[in-house]
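Input: a single structure, listed below in structure tokens.
Just so you know, all these numbers are worked out from the coordinates, no wet-lab data involved. The structure displayed is predicted, hence computed values, not measured ones. FYI the Cβ positions are ideal-geometry reconstructions off the backbone, even for glycines, and counts take in every protein chain you see.
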Amino acid sequence: MLKLIRKYKTFLLVVFGIGLMLIYLLPQGLARAGGGRGSKGPAIGTLDGKAIHRNVLDRAHAELQLVKNLIGSGFMTREMNMLATMWDLDPSDAEHWMLLTQAAEKGGFVGETGDGRNFIDSMLVAMNRPTTDIDRTNLIRQFASTLNMRTEKDVLESIADINGVIRMFGSYASTVRVSAPAVTLDAKESQDRATVTAVYIPGAAAIDPTTWKPTEEELQAHFEKFRNTKPTEGEFGIGYLLPNRIKLEILEVNAQAIRDGIVPDRIEVRKEYDKNRSMYTGDFETHRTEIEIKLKDKVYDDVVATIRRAVRAESYNSIDALKKSADGYRILPDDWAEHMPSLSAMTGAIVQQVKDELNIYIPEPVVTTTPTLMTLNDIAQDTTLQSVTTMYSGREIPLASVLFNAKEFDPPTDIGVQAGIPLIDFEGRRGNGDMLIVTILDAVEESPATTLEEVRTKVENDLRSVSGYEILKSSIDDIKQQALSGGLTSLTESYPSADFPVVIVNDAVVTRTSVTGTESRLRDEVFAEAVIDLAATVDPLKLIEEVPVEERTLAVAIPKQLGVGAARIQSITPLTNERLRLASWNTMTKLRIEGLGFDGTDPDAPSKSGFAYDALAQRLNWQPKPGISRRNQDESDDQS
């Protein structure tokens, strides 16, 4: 027996080793294979009386992540946008996605792995890559490496699930029957085109500001008329109902000023050069400036981190004593304005802390306060704040979008920002490295302007525009005649306003639903309708030069823009059978969306869909276990 063992020792050791490996890997393999339907794991609920386990939801998580990867690669974007619009699908809601895949499987829309393989092949073709087994496998592994999927089969089945949901959506959308005449009529709205040379004359250009002096009574009456009206919603689009607005205290750290004061030690520069010779291939002097800039950047990052700690410490001296409400916001006392942290009072402590920790003297940060309440549009035009970004959930977003999600605005979000508390967790940055920390001193919800003085300049301009518009409107025929006799450019000479100039545009493309390549105030349905109506009278078989100029020139009053548009048609492109064939798919989709009630007229339409979460949960008899929270799976992970 011993001889037999010695003779086959190597073979037996190999077999024994393989056996141990299988014993070790089998449980993991079974666990990983649990991504499929019906796999075991903690039960999270029942679907039509059948237990659904945690791994089914995990698979839904992975499939949604796969969808994001596919969208990032340029695939399925349109389809997933449609699902979000028409079925109220949140791209991070794995529970809703799980119900959609279950419904698709019950409906027979989900294919096998071959369906996923065909889709992978179509991706390779779209990326101009060969559809060999190696290329296919590499692409599948690329997806699997970032997801909770371990095998090719997992990826392919998940793609089949995604395709199944999209097929189900296609079947759902096709329930609306669209007639050929309806497609043709709708296509003409976007496909009948005219190219024009156009002029926009603002109403205010018809008024000489040196002689036009409205009385206080006229200004006050105009203000009162539109005081409670939203801009764009009133007559002529005028309104003085002010949107959400804020007042800020801003602490600004000038990156260049700090960098200029940093002098890298020559020894440290040399150490950096010697340590990274593979990066610095030339001699020391060749790379010296490059290394000095790199070390300055590193020191500046240390300075910023120190400033951040200093502001946090100074702020929390006051904030720590405040209690939090159930929604996580600080409960501010009535006299908080007298005790709130002041950024201007922190500058000395900031300079001292940087000196103590880094032995660097920095210029004292500049602190300013916005003189008035600012709207989102004001911030977009403010030179201090317009290009400032911050980080939120790993993404770079405009700082303004955080500011206007403060608790004081309805509805508040989970960002956690409120007036009176420095935004320590949302420091602002400019592209040049400047750092900003802000405090919202005051936040005012949408409300009417309280006095004429708040909006005096706008009221004066609006009243001037209305008065001038009435003059232009009564002179429409004269404006058209001047365009015919002197050309469109002559109109710019007739209304030489410095502050409201006449604008001339060449090659503007007009359809009944859009105006592109032109002055924004000509992008108005009144102007578009007038141009296309005139174009419809032009014989498309004639050369445009053969059509008399008076038959292709117009002038039209545009009420919402408080001005007049004049145009001369340079070419027309009517809808043809060939272009109708190209446009028919998009047109049919649009008409089906409208037919299903998702044209934007009903903001609650998606939640009323038969494939929204609530409807699916009821139809599939989905009974989640207590503690399984829809749209917050991190919480459910902790409770499972």
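Descriptive notes on the structure:
- Placing R0 at 51 angstrom, the Cβ-Cβ distance between R312 and E545 gives a FRET efficiency of 0.10 after rounding to 0.05.
- Phi-based couplings in Hz for segment 556-571 (Karplus 6.51, -1.76, 1.60; Gly and Pro marked x): 9, 6, 10, x, 5, 9, 6, x, 10, x, 10, 8, 10, 6, 9, 6
- Annotation: extensible slack from T46 through N228 equals 60.3 nm (criterion: 0.36 nm per residue apart, minus Cα-Cα distance).
- Centre separation in Å (Cα based) which lies between segment 239-276 and segment 549-578: 52
- The distance between label points at R395 and T368 comes to 2.9 nm (points 7 Å beyond Cα on the Cα→Cβ vector).
- Full-extension gain in nm, E454 to S145, via 0.36 nm per residue minus C-alpha separation: 105.5 nm
- Candidates per GluC sites (Glu not before Pro) in segment 421-451, loop by DSSP, up to 12 other Cβ within 10 Å: E445
- Relative contact order, whole percent, for segment 41-97 stands at 28, derived from Cα pairs under 8 Å and 6 or more residues apart.
- Diffusion constant of segment 244-445 at 4 °C, which comes from Stokes-Einstein with the Kirkwood Cα-pair radius and 1.567 mPa s, µm²/s: 69
- Backbone amide hydrogens, once placed in the peptide plane, bring M374 within less than 5 Å of I246, K247, excluding anything fewer than 5 places away on its chain.
- The loop-placed trypsin sites (Lys or Arg not before Pro) in segment 264-314, going by DSSP, that have at most 11 neighbouring Cβ atoms within 10 Å of their Cβ come out as R277.
- Residue separation of S490 and R266 scaled by 0.36 nm, minus their Cα-Cα distance, works out to 73.9 nm of gained length.
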